[in-house]
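The values are calculated or read from the model by the stated rules, or taken from the named source; none is laboratory data. Please read all numbers here as calculations on a predicted model, not as lab measurements. So basically every Cβ, Gly included, is an ideal-geometry build from the backbone, and we count neighbours across all protein chains shown. Note: areas computed on protein heavy atoms with side chains; ligands, DNA, RNA excluded. Shrake-Rupley method; radii C 1.70, N 1.55, O 1.52, S 1.80 Å.
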Amino acid sequence: MTHSNSPYLSVGIDVGSTFSIMTIVDQHEKIIGKPFKILHDKMASLERACSEIKKAEELNSMKSRTFLESTGIYHFPLFCYLKESGFEVFVLNPLITHSIKNFGIRKVKNDKADSLTIAKLGLKSDLKTSVMPTELVLELRSLARKYYEVMDDRSANVNRLQLDLHTVFPQYLSVFSDVTGVTSLMILRQYPTPDKILRGHRKTMIEKIMKSSRKGEVKATETYNKLIAAATDAKKFSAPVQSIYFTMSLTLDTIEMKSRQAAELKSHMRILVKAHEDEKFIRQIRFLESITGIGFLSAVTIMCEIGDFDSFKNPKQLLAYFGIDPSVKQSGKFVGTETHMSKRGSRFARRALFAAALASVRRNRNGVPLNHVLREYYENKCKSKAKKVALGAVMHKLTNIVFAVLRDEKNFELRTPEQHCKEFVRSHLSLEDAA
């Protein structure tokens, strides 16, 4: 959002983890009073900060507007406190403040200088500020980000498990496509070494494989035979370091714990969404879920990172917010030909869009594309571009679809470009007839 041209005092606050520095300037950028240190754990300090702002308002006979730089989590309690105290408070994107800091010749970097920069920046009439998300958005965003953090920890431990297996039992990796699958985890728990597999009772092991994999006896026997062959080869080619088997059991504990945590986080997200089905924000999540390739988690993540969709007027703004817009390199007659994603926006939104792009272009077990339109677009791009570049183009397309679905507040309908053109002409002619 932008601000009106009516005069006001600008309060700039450089936010830290334990304290913040506040500077007040008038409409001519003249500093009022001295920079004030706000201690977050002292109510007297917070109350005095409010009284300093009110005193400046009374002395200058004008209202104030307070500006804070977004700092992840640290600015939120201060934002809420000032808002509840009756002040107009706005949040600035750190990319905006960083772009104008140290604009002068001297290199100055301290909290007082930063708070003054923010205060002066707050006087600009065309300044764009962020709208603080609602409590529901913040809760879902916190859960979604924690989910990705847990899954990253899980992935790190899976990699560690695979490295250990490469050392003591490399043949095991060819038996299971996923070493953390239900059947594989059962084997690693109950028969962790080649010796234990070879000493295992054939019938008992096959029955356990059948139960865990939910496959028939033929498939289970096939898996059993592969395990025996792998264990036999491991006796000839492996490093029999017994301590690694112990560390593997600890790694398995961590993987299973992280899997439970991820499931609990996802379950809590579903409970929150279901409890607020009537709210506009949740309806927007449902609209995103209707897009082919976007599941529940991706829909929640994308929508939580967007926050207030009304702040976006066109798809390009959404692309830039997600950081998948191309970076421009141009100077004089030189124009860079190799462009990359700017990656200046939400990495969580990019992650969700990347997962959605992969899902959109993949084929199901019958070989049928999940989204035949995007699959064809992806394959055409792959003819002249690298696969990752082609996936980036698919992410671009998905962002346009996300914008259209949220703008029109309608569920996604899979159409070819030709169908889109026909629909546009038809609707355009209908509007002309109505006029």
| said: Looking only at residues that are of a type in the set (S, T, N, Q) and over 27 Å from the mean Cα position of the chain (by Cα) in the stretch 163-183, which one is modelled with the lowest pLDDT? | reply: Ser177
| said: Let me confirm something: among Glu256, Glu277, which residue is surrounded by 15 or more Cβ atoms within 10 Å (Cβ to Cβ), acidic (Asp, Glu) and farther than 22 Å from Phe348 by Cα? | reply: Glu256
| remark: Counting only residues that are closer than 13 Å to Leu161 by Cα, among the small types (Gly, Ala, Ser) and in contact (Cβ under 8 Å) with a residue 40 or more places away in the chain, the stretch 173-195 contains a total of 0
| query | From the list Ser45, Ser64, which one is within 21 Å of Leu92 (Cβ to Cβ) and either modelled with pLDDT under 95 or surrounded by fewer than 20 Cβ atoms within 10 Å (Cβ to Cβ) (or both)? | reply | Ser64
| query | Does any residue of the stretch 257-277 turn out to be out of contact with any helix residue (DSSP H, G or I) (no Cβ under 6 Å at 6 or more places or on another chain), closer than 22 Å to Lys410 by Cα and not in a helix (DSSP H, G or I)? | reply | yes
| said: Condition first: outside any loop (DSSP other than H, G, I, E, B) and of a type in the set (Lys, Arg). Can you find one or more residues in the stretch 231-238 that meet it? | reply: no
| Looking at this structure, is Asp126 modelled with pLDDT under 90 and crowded, with 17+ Cβ neighbours inside 10 Å? | no
| task | Return a yes/no flag: does the stretch 332-344 have any residue that is at pLDDT below 90, out of contact with any Asp or Glu (no Cβ under 7 Å at 6 or more places or on another chain) and open to solvent by less than 30 Å² (accessible area, probe 1.4 Å). | result | yes
| How many residues does the stretch 282-311 contain that are farther than 26 Å from Asn371 by Cα and under 18 Å from the mean Cα position of the chain (by Cα)? | 2
| field | Qualifying position, being out of contact with any strand residue (DSSP E or B) (no Cβ under 7 Å at 6 or more places or on another chain) and within 30 Å of Ala352 (Cα to Cα), among Val158, Val175, Val168 | value | Val158
| When the residues of the stretch 188-215 are filtered to those that are within 19 Å of Leu252 (Cβ to Cβ) and either in a loop (DSSP other than H, G, I, E, B) or of a type in the set (Val, Ile, Thr) (or both), which remaining residue is farthest from the chain's Cα centre (by Cα)? | Gly200
| said: Just to be sure before I move on: is Val368 within 23 Å of Ala355 (Cβ to Cβ) and touching a helix residue (DSSP H, G or I) at 6+ places or on another chain (Cβ under 8 Å) in the structure I sent? | reply: no
| Single match in Met303, Met248 (criterion: within 20 Å of Ser177 (Cα to Cα) and either open to solvent by 20 Å² or more (accessible area, probe 1.4 Å) or assigned to a helix (DSSP H, G or I) (or both)) | Met248
| note | Checked Lys219, Lys266 against criteria (of a type in the set (Lys, Arg) and open to solvent by less than 70 Å² (accessible area, probe 1.4 Å)); the one match is Lys266
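This table checks each residue for (1) of a type in the set (S, T, N, Q); (2) within 17 Å of Gly122 (Cα to Cα); (3) in a helix (DSSP H, G or I).
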position	(1), (2), (3)
Gln27	yes, yes, no
Ile38	no, no, no
Ala44	no, no, yes
Glu52	no, no, yes
Ala56	no, yes, yes
Leu59	no, no, yes
Ile73	no, no, no
Tyr81	no, no, yes
